[in-house]
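Below: the structure, in structure tokens.
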Amino acid sequence: MQQGTLMRKVKSKSWKKQRYFKLQDDCMTIWYQSKKTGKIESAFSISDVETVREGHQSEVLQSLAEEFPPERCFTIVFYGRRGNLDLIAGSAEEAQCWVQGLRQLIEATSFPLISALVSRTWIRDWFQKADKNKDGRMNFKEVQRLLKMMNVDMNEDHALRLFQAADKSESGTLEGEEFVLFYKALTQRKEVLSLFQDFSEDGKKLTLLELVDFLQQEQLEDEGTEELAMELIDKYEPSETARARHVLSADGFLMYLCSPEGSIFNPQHRPLWQDMSQPLCHYFISSSHNTYLIEDQIRGQSSIEGYIRALKRGCRCLEVDCWDGPNGEPVVYHGHTFTSKIPFREVVSTLGKYAFKTSDYPVILSLENHCSMEQQEVLAQQLKAILGEQLLTTTTDGRVPTQLPSPEELKHKILLKGKKIGRLEDMLDGPEDEAPDVSDDDNGAEAEEERRRTKVIRTQHGPALQKDKESLAQALSDCVVYCKSVAFQGFQEARSHSRPSEISSLAEAKARKLIRDAGNEFVRHNAWQLTRIYPSGMRTDSSNYNPQEMWNVGCQLVALNFQTAGMEMDLCDGLFSQNGCCGYVLKPPFMRDEETLFNPSDPSSREGPGPVTLTIQVISGQQLPKVANSKVGAVIDPLVRVEIHGVPVDQAHQETKYIENNGFNPHWDETLQFQLHVPELALVRFVVEDYDKTSRNDFVGQFTLAFANIKPGYRHIHLLSKDGTSIPPSSLFVHIRITE
């Protein structure tokens, strides 16, 4: 069909509008227009699409299952927080055509080998945008318009010189390869060429030994540099002749610097690289608050999509609020509000399906149970029936644990966090009067003290035990093993009477008070037991608190509203982007010791080497995006701010000056320096903003990573949007030095 494929765009059971969908000639853009008005409603790039789901794999399409067969239905899932696009094709054949076509395009854009093709497509796309009269040629006036579109406010004389140099046919217009020449001249990286020539004897190529010198002296590569140099030439040198001679051209050098190997993020820390055999409490664990909500806390929509998105981002602790629902079926929603409701059964099914797609390591399901005894029985039945072997219902070895098991031991297991009748040892040891298991090697006095303490604890917990039995279904209680929820009564009380398999949840304000009053005790507590932190109930807009201060005392489960973009989620994504994005990050050694002296308010209490100095030379930026909703022709005035998030004494930020009217290739050449007293806990956030002297600066892009993952040398920082999605080809070029 000339105008595209006619399909139904669906938003709800009653909202089904017919739209024409068409893939543009660039094979990167899809737009759709109204059948009635012909007006183009929206467009999206293939690079924005994360995946395509076939059939009734959304709540909306599930509600239409009786009306439309699954063969005609599919869902386009976008990166970040953009809502999904549910579509119903006219036939199963049309649906398959779109599903398979989209998947092939998504796969193509994910391969670095076609980056040159994509770049060429990208250049052609700019040409088509600027070619106003659509004659396949571009005159100088159209070139000036293009520069504005590309975020460049260039001197007219300089622009004219570039135009005339590219106009080989001397026709007064650019076409085809002439425009490519113009674009290359426009994007020439003088700072990279200068660096290349510093190490190249003839200024035209880097020999193998010259490249080794660069890798050792500037990139601080110290192992296998000759082998690494050979790999880089084979991988990034575009000329076959140069590859055969084992040399790297200026183009190959730039491709290397823009590659993952040239990124500020240490490529060795992207995959799983940490020890995963330590107790759960020794890890920071990616955690979500009210996971079912995808909007605000009062009227927002509850959706299984919240769980899918969180799990795909590596989240390992999810929250579910359960209430009595109709027909004996429990529902999930934010109680006593106007948020919508979803069946608990659907949440558990989604968890079973997506829990281990991104990470093999355990998922903790934090259960807020508001159900009657009858529906609690249903909760337990559904958890066991749907999750089966995935649900952990006993300890890993059948014995009372003296410490929490490791992520490695709990692979592919789902742990329920909730209230429990009695203690774990009651369930495992049998009768209450049975003595704790004591080995022959145990000191007799210590064993007797343990018996006495156990007896005291059981006496103290008698009334509470009876209350739990009256309000908690035994079947649901039995599903809780390593994460029994208990009220926090103080660190001394926890040390005396609590168990490693118990966990306390604290509101952000309570946690801050404990950090101020007893920072070291908090760190010690988190060395042997889990603590979960959650946002204040006043955050009805789903805003977030700063997670860094909670990580500073070793809190593992720092729950955030994943649906809300901002600095707080940037820090969360930055911390958990390492270690295979598995949702677990090993805490520093001084936070895993129950007798540690560390207190985040006193960095001298940390055992280990002294402070380090982080020196960042912010050199340049490339093709920075325009600010959303900016005026036509507006060009940004970019500045770069570097923020250090860590212990209080390390918290700092510095910024460059702003560059007027150049978002295309701004040059700052400014050096920023920071001293870090506890680098093991530091996160570094790079933020680009559009300077505005009359109002607040506008956000342009950011990138956040743990200090431990920084790779020194000349590095590119590939910027992310406010939603945490990549915005190619936007980047910063920096030089990093770390000294003690």
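Remarks
- When all protein chains stay in place and ligands, DNA and RNA are ignored, the 1.4 Å accessible-area order of Met373, Met149, largest first, is Met373, Met149.
- With the simple model of a label 7 Å out from the Cα in the direction of the Cβ, Glu240 to Lys657 spans 5.0 nm.
- Bridgeable aspartates and glutamates around Lys168 (alpha carbons under 19 Å apart, same-chain partners fewer than 8 residues away excluded): Asp131, Asp135, Glu142, Asp157, Glu177, Glu178.
- Cα gyration tensor shape for region 190-262, rounded if a/c is under 1.5, else prolate or oblate: rounded
- Between Ser91 and Arg737, the contour length at 0.36 nm per residue exceeds the alpha carbon distance by 226.7 nm.
- Annotation note: trypsin sites (Lys or Arg not before Pro) in region 562-669 located in DSSP loop regions with a Cβ neighbour count of at most 13 within 10 Å are Lys631, Lys657.
- Hits among lysines - C-alpha to C-alpha of Lys469 under 26 Å, sequence gap 8 or more where chains match: Lys384, Lys417, Lys419, Lys420, Lys455, Lys484
- The calculated FRET efficiency for Glu107 paired with Val649, based on their beta-carbon distance and R0 = 60 Å, is about 0.80.
- Pairs of lysines in region 5-110 (C-alpha under 14 Å apart; 8 or more residues apart or interchain): 11
- Applied to region 475-487, the Karplus parametrisation 6.51 cos²θ - 1.76 cosθ + 1.60 on θ = phi - 60° returns per-residue 3J(HN,Hα) values of 4, 6, 4, 5, 7, 8, 10, 8, 10, 6, 6, 10, 6 Hz, with x for Gly and Pro.
- Fraction of beta bridges assigned by DSSP in the chain that are antiparallel (%, nearest 5): 75 percent
- Sequence of Trp15, Trp668 from largest to smallest accessible area, 1.4 Å probe: Trp15, Trp668
- Neighbour cut-off at most 12 other Cβ (10 Å), DSSP loop, trypsin sites (Lys or Arg not before Pro), region 325-390: Lys357
- Using the Cβ-Cβ distance between Gln164 and Ser34 with R0 set to 60 Å, the FRET efficiency works out to roughly 0.85.
- Pairwise label distance in nanometres, Thr187 with Gln268, each label 7 Å out on the Cα-Cβ vector: 3.2 nm
- Solvent-accessible area per residue, Å², over region 5-110 with all protein chains present [probe radius 1.4 Å]: 49 Å²
- FRET efficiency, 1/(1 + (r/R0)^6) with R0 56 Å, evaluated for Asp213 and Ala509 via beta carbons: 0.50
- Inter-label distance, Ser14 to Thr725: 3.0 nm, where each label sits 7 Å from its Cα along the C-beta direction.
- Classified by the C-alpha gyration tensor, the chain has an oblate form. Its axis ratio a/c, with a ≥ b ≥ c, is 1.5 or above, and a/b does not exceed b/c.
- When the GluC sites (Glu not before Pro) in region 10-103 are filtered for DSSP coil states and for at most 14 other beta-carbon atoms within 10 Å of their beta-carbon, the remaining sites are Glu66, Glu67.
- Close amide H partners of Thr51, meaning residues 5 or more places away or on another chain with modelled amide H under 5 Å apart, are Val77.
- 5 angstrom amide H check on Leu720, placed H, neighbours 5+ away: Gln702, Phe703
- Derived scalar couplings ³J(HN,Hα) [region 372-383; Karplus, 6.51 cos²θ - 1.76 cosθ + 1.60; whole Hz; x for Gly, Pro]: 5, 4, 4, 7, 5, 4, 5, 4, 4, 4, 5, 4
- Listed residues His412, His56, His525 arranged by accessible area, highest first, probe 1.4 Å: His412, His56, His525
The values are calculated or read from the model by the stated rules, or taken from the named source; none is laboratory data. Bear in mind the structure is a predicted one, so any value in this text is a computation, not a measurement. Virtual Cβ from ideal backbone geometry, glycine too; neighbours counted across all protein chains shown. Quick note on the areas: whole protein, heavy atoms, side chains included, nothing else; ligands and nucleic acids left out. Shrake-Rupley method; radii C 1.70, N 1.55, O 1.52, S 1.80 Å.
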